[in-house]
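Inspection log for the structure reproduced underneath, given as structure tokens.
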Amino acid sequence: MTPSETPAMAPPLLEVRDLTVRYPSRGRRTPPVLAVDRVSFTLPAGETLALVGESGSGKSSIAAAVLMLRRPESGSVRFEGRELTGLGEKAMRPLRPALQPVFQDPYGSLSPRRRVYDAIAEPLRVQGRWDPVAGPARVGELLDLVRLDASLARRRPYELSGGQCQRVGIARALAGGPRLLVLDEPVSALDPSVRAGIVNLLADLRDELGLGQLFIGHDLALVRHVAHQVAVLRHGRIVETGPVHQVWDAPAHAYTRELLAAVPDLGAV
Ligand SMILES: Nc1ncnc2c1ncn2[C@@H]1O[C@H](COP(=O)(O)OP(=O)(O)O)[C@@H](O)[C@H]1O
Ligand SMILES: [Mg+2]
């Protein structure tokens, strides 16, 4: 390795600086909304950064801006050192497989009539990477990665549990070999009894595949066992950030203490 290739020199996986998202006014009765107000954070490769905060604090707006699904008003989003904010949809396209979202509603993100097999094959087809021999094997591999039995490949979403559906959603996100997953409340819509299984799966995948994860949730209890860093968001601003155990053990901000008091523990995650 030459000095320029040493990991210390590599840019972070994701670097967000002074990100600001504002929704324009929709007529005289609705003023513009400053949803994200100069938010900065850094996510190293292979780590999990949790963004927590109550509903309306700006979490999904940050997710959408990082994924360039919504152009931020100002600020910078660098992915592996590359500035994304100026890129048009066409320039973003080749980057999309590397930077994948997983959303909250496991049924809503799957097409109701499509079998699991085709749902997982779809991103490979769309990315022009479908091969008649390697494709089916890759679908099998992806089912395996999300710990779903191969027999589920023939099922349709309504024949799956919410947790199984979310695993299919994760398999779809993994299809193109991403380096960053943006997980917007990936377990909030699920039965509490299956949440820990999905959260643990995501942590295993992170470690097995070296994935970076931006994990959005509304409670700290859910992420404290799996996140490295946490940023606490309120009214579009980060009020507290640090290693998750530090924020958990000694929250500096009254709002963080409120968040901690409001949520039940997940138990042995
Ligand atoms: N498309 C939109 N148009 C106008 N305001 C929006 C839109 N999406 C979100 N907001 C507002 O932006 C703020 C942050 O919302 P959001 O990012 O969805 O927060 P969270 O994901 O933490 O619940 C809220 O005040 C919300 O009402
Ligand atoms: Mg949200």
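Taken together, the values in this text are just the output of simple stated rules run on the coordinates, not laboratory data. Small disclaimer: the values here were computed from a predicted structure and weren't measured. Virtual Cβ from ideal backbone geometry, glycine too; neighbours counted across all protein chains shown.
For the chain, a Gaussian network of Cα nodes joined below 10 Å ranks 180, 49, 13 by mean-square fluctuation, and the top entry is 13.
Only Cα sites of the stretch 167-269 enter the Debye sum here, all with the same form factor; the resulting log10 I(q)/I(0) across q = 0.13 1/Å is -0.48, listed in q order.
Stretching residue 188 away from residue 42 to a fully extended chain increases their span by 50.1 nm, per 0.36 nm per residue minus the current alpha-carbon distance. Taking a quarter of the surface of the Cα convex hull of the stretch 1-143 gives a mean projected area of 12.6 nm². Counting only alpha carbon atoms, the long axis of helix 192-209 and the longest principal axis of the chain meet at about 80°. Average projection, convex hull of the Cα set of the stretch 63-106: 3.5 square nanometres. Bin all alpha-carbon pair distances of the chain at 5 Å intervals from 0 and give each bin's fraction as a whole percent. Using 5 Å bins, I get a P(r) of 1, 6, 12, 16, 18, 16, 14, 10, 5, 2, 0, 0, 0 for the chain.
Considering only Cα atoms, the convex hull volume of the stretch 127-199 works out to 108 Å³ per residue. Is the stretch 12-71 best put as rounded, prolate or oblate by its Cα gyration tensor, with a ≥ b ≥ c the root eigenvalues, rounded for a/c under 1.5, and otherwise prolate when a/b is larger than b/c, oblate when not? In terms of gyration-tensor shape, prolate. Have a look at the DSSP beta bridges in the chain and tell me what percent are antiparallel, nearest 5. Just about 55 percent of them are antiparallel.
Computed about its Cα centre, the charge dipole of the chain is approximately 1160 debye, with only Lys, Arg, Asp and Glu carrying charge at their Cβ.
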